[in-house]
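Heads up, the thing below is written out as structure tokens.
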């Protein structure tokens, strides 16, 4: 799936990632890969983690890796527990294909 992050386009997909990483974002190629062996919760947190990296890149920010994980986990928890929040900010709740 293609996503827009502050004017930068990224293709998000799944694939094999060697080592301990659960996701990769490549700003040069506009590609975000999420390891295909993750649980649904870990996949969701990892997608948010990589999107935060993309926001960091586009905004010329510098976060510590721990800060990015904490933000991703926090966002996932809030959004999962409060679906009405997505409606409030105008996000469609229609089912979509898995990444």
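The values are calculated or read from the model by the stated rules, or taken from the named source; none is laboratory data. All figures in this text were calculated on a predicted structure; none of them were measured in a lab. Every residue, glycine as well, gets a Cβ built from its backbone with ideal geometry; the counts of neighbours run over all protein chains shown.
Structure summary
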quantity: Scan of segment 1-14 for residues that are over 17 Å from residue 56 (Cβ atoms) and surrounded by 11 or more Cβ atoms within 10 Å (Cβ to Cβ), ordered by number; calculated: 1, 11, 13, 14
quantity: Answer from 38, 79, 48 - the residue that is surrounded by 14 or more Cβ atoms within 10 Å (Cβ to Cβ), without any contact (Cβ under 8 Å) to a residue 60 or more places away in the chain, in a loop (DSSP other than H, G, I, E, B) and under 14 Å from the mean Cα position of the chain (by Cα); calculated: 38
quantity: Filter result for residue 62 (modelled with pLDDT of 85 or more, part of a loop (DSSP other than H, G, I, E, B), loosely packed, with under 10 Cβ neighbours inside 10 Å and over 16 Å from the mean Cα position of the chain (by Cα)); calculated: yes
quantity: Any hit, segment 26-34, residues being touching a helix residue (DSSP H, G or I) at 6+ places or on another chain (Cβ under 7 Å) and either crowded, with 17+ Cβ neighbours inside 10 Å or assigned to a helix (DSSP H, G or I) (or both); calculated: yes
